[in-house]
Structures are given as C-alpha cells and as structure tokens.
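Trainee: Starting off with a structure, shown below.
FYI, it's all coordinate maths here, none of it is from the lab. Just so we're clear, the structure is a prediction, and the values are computed from it rather than from any experiment. Neighbour counts run over all protein chains shown; Cβ positions are idealised from the backbone, glycine included.
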Amino acid sequence: MATAGVGAALLDKENVGALGGKALEGKGALGKRPLESGSGGADAKLPRKSALQPLSANVVAGSAGSAHSGSAAKPLSSAAGSMGPPPPRAATSGRGASEAGAVPAARERPASGGAAAARRWQLTDFDIGKPLGRGKFGNVYLAREKKSMYIVALKVLFKNQLQQSNVEHQLRREIEIQSHLRHPNILRLYGYFYDSNRVYLILEYAARGELYKELQRAGSFDERRTATYIASLAKALIYCHSKHVIHRDIKPENLLLGLNGELKIADFGWSVHAPNSRRKTLCGTLDYLPPEMVEGSYHDSAVDVWSLGVLCYEFLYGQPPFEAAGHSETYKRILRVDLRFPADPARSDGAKDLIKRLLVKKPADRLPLEQVLQHPWIQANADPAVLARAT
C-alpha cells in the first residue's frame, strides 16, 4: 500500500476483516510480552515489560513533511481542562495539507440528517501536552481540544511502521470495533484523522494510567480490589460479547485506570467482530493463551472467560498461574491446566474457587460471565456500586 494509502484505507470499512491466521510483527503471535531465544536457549523467556514506556520527545518535534509541523506544542496539565469527549465531528477525517493540498480551516461536509455541518479534525485543533507512553507503532500524548478545552489522549501512529509490519488491516479493525463501543469500563475512541505521515486516534484520557504499573508497584492486589476489577471486566465483556466482539487479549498491560480508579479496557488490537463465534488465529499473550489456542483449535468468546481467570490469579498472586522457565513448559502447563495456589500471599477459598471455575480446559464448561457476577466471592468482596450498575 502506498504511503498515503493507510489513511484512505481506514475509510474502507469493507476491508475490515479477520487476521486470516497471519502473525503480526508489531505484537507478534504472543503479544506484548516478547519471547526470544537468549542465554537460556530457545525456550528462554525475556522479562515482562510494560506496553508503554516513558517518552521525552513531543509529537510536534521532528515532524518535517507533516501538514502541521509548524504547530507549537503548548504546556498542558491534566487540570488545565475538562476530561471528556471533544465536540462531535466527522468520524472519518480528511487528509492533511501536505497530502491533499491546502485544507481550508473551515472545510466541512454536511452532517447526516440535515444537521449542522461537522468540520473534520486536524492536529491544529489540539494543544499537545506531555507524552503518556510509547509503543511499537507510535506514541501517546496528553492533549486538549482547543475549542471545548476537553482533555483527551492523542495516540500518534506512524504510517511507515504500520506498513512495514503489515498491520494496516488490524488498525482498521481496531478503529471500527472500539469506536462503536459504549461502556463505562471500555476506553472511548472518539475519532481519528490523518496526514501524510501519521494516523491520529482521539481517545478518552485515563488519568491514573496503566494498571500494569500499579500491579508492579503493589506486587499484588487484595481480594476486595481484585473482585471489583473482575466484576467490572465481566460486565464489560458481557457487553462486548452481546455485540459479537471477542477481545482475545485481556491482560494488565491492556487495562487503564480512570480518574476515580475505575478500570478501562484500552487495547482492541487483537479483537474481532465474529458473529459466527469461531476463530482459529493464534493471538494474544503467552501467559494468557487458553488451551484451545495452544492446540490450534477453533475458539470463541470463551477465550475471554479463560483470560479473566488468569487475570484474577495474577491480581491476587502477582504472577500468571502457568508461568514457567521457558515458553514450551508454559504451553505444557496450560494444556494440563496445571493450576497451583502458593501459600503466600494467603487467599480465601472463595477466590480460589472462582479461579478454578474459570480456568477449565473445555470452553463450554467455564463459568459464564453472568454467573461470575453472582459468584459468592464476587458478591462478598466487589464494590456494591459496581455490582448494582445496570451494565
């Protein structure tokens, strides 16, 4: 695909489809916990790393050739505006000036239903603040929409890196799925736009950052906090599955915390919209892979139930349940469902019972998400406000 073609391809919803079984270089078949051969041999596993690392560069710096390279970045703090969605505009935004000629500031297209015209987003609509994180394909920045003063997170993806890793179709699918989801425990994708070099995603700002870093600092979470997170995730996944969306990569690195500590699913890069509910692509992260994926069998939404069990274990004990010295040994433990509960930290029988009901080899025998919310341990420990919420 030509350099200018990534943004245009985002508009082609007919191209949004399955991965077709192809492993992606960007995340790899095993996700963001990289596996490589090292001093320990072919099965050696590298230390686990956070999906986002600190940045010192600014999005505006070094942007020669961009339509907005002359825009000056302004200092910005999270307190400098209201957190929330920017005013609605056309969801599929136009090219930057360097790609399609000069774009007038008032360029508009009629909105649906005869409503007032909605101008397309561009980088000059935002004040760019501090970097929030970095990934393989680009960076995330704190940003403020100038007119409304709303605080958002601006994810900047570099087209050449997307093309080199052949993941344009994955980005299209991620945008198509996440932009249509509305749930308090799912990070909102408000819109996107692009120029000749980059694609920009306008995302909800999660003020308290990555859950994985919080887990690293704490070592593990207590039962009340864990139960609240699991109940929140169960509700979010029930919602996703009702929309025929399978997430397929639930793990701490893909979860953020909102201003009040509420959990947000933030990464839908491996998600699929699968009305037939049968997929065969190996994807996700090694420690979270369910047995059916390890075996190369067809899988359905029950993979998210398995991941919820792994997550519950990791929250309570500080490490995944099937972790081993090498990834081949991890595969074996997953296939055997070799579940062991360490004596330290001490956890209740109720917590262990829920985990054992979720980590079941046969997908059909895993505890349904609706019953997760009714489990006695969840009922006794989760925040009542979360349990009482309709969704």
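Trainee: With only Lys, Arg, Asp and Glu charged, each at its Cβ (+1 for the first two, -1 for the last two), find how big the charge dipole of the stretch 209-388 is about the Cα centre; round to the nearest 20 debye.
Mentor: It comes to approximately 380 debye.
Trainee: OK, next. Quick one: which residues, 5+ away or cross-chain, put their amide H under 5 Å from the amide H of LEU367? H built at 1.01 Å from N.
Mentor: Amide H neighbours of LEU367: LEU358.
Trainee: Right, another one. Do any of LYS130/LYS356; LYS136/LYS362; LYS155/LYS361; LYS130/LYS352; LYS235/LYS361 go past 32 Å between their Cα atoms, and which?
Mentor: Flagged as over cut-off: LYS130/LYS356; LYS136/LYS362; LYS155/LYS361; LYS130/LYS352.
Trainee: Right, another one. Just rank ILE202, ILE246, fewest to most, by other beta-carbon atoms within 10 angstrom.
Mentor: Going from least to most buried by this count: ILE246, ILE202.
Trainee: On to the next question. Neighbouring Cβ atoms within 10 Å as the yardstick, rank TYR212, TYR298, TYR313 fewest first.
Mentor: On the way: TYR212 21, TYR298 13, TYR313 26.
Listing TYR212, TYR298, TYR313 from fewest to most nearby Cβ atoms yields TYR298, TYR212, TYR313.
Trainee: Among HIS375, HIS241, which comes first, second and so on when ranked by fewest other beta-carbon atoms within 10 Å?
Mentor: Taking fewest neighbouring Cβ atoms as first place, the list is HIS241, HIS375.
Trainee: Summing +1 for each Lys or Arg and -1 for each Asp or Glu, what net charge is found among the other residues whose Cβ lies under 14 Å from the Cβ of GLN374? Let's see the in-between values first.
Mentor: On the way: positive: LYS235, ARG357; negative: ASP353, GLU370.
With Lys, Arg at +1 and Asp, Glu at -1, the net is 0.
Trainee: OK, next. Looking only at Cα atoms, what is the convex hull volume of the stretch 209-388 per residue, in Å³?
Mentor: In the stretch 209-388, the Cα convex hull volume per residue is 113 Å³.
Trainee: Continuing with this model, one more query. In percent, how large is the relative contact order of the stretch 114-232, given Cα pairs closer than 8 Å and 6 or more residues apart?
Mentor: Value for the stretch 114-232: 19 percent.
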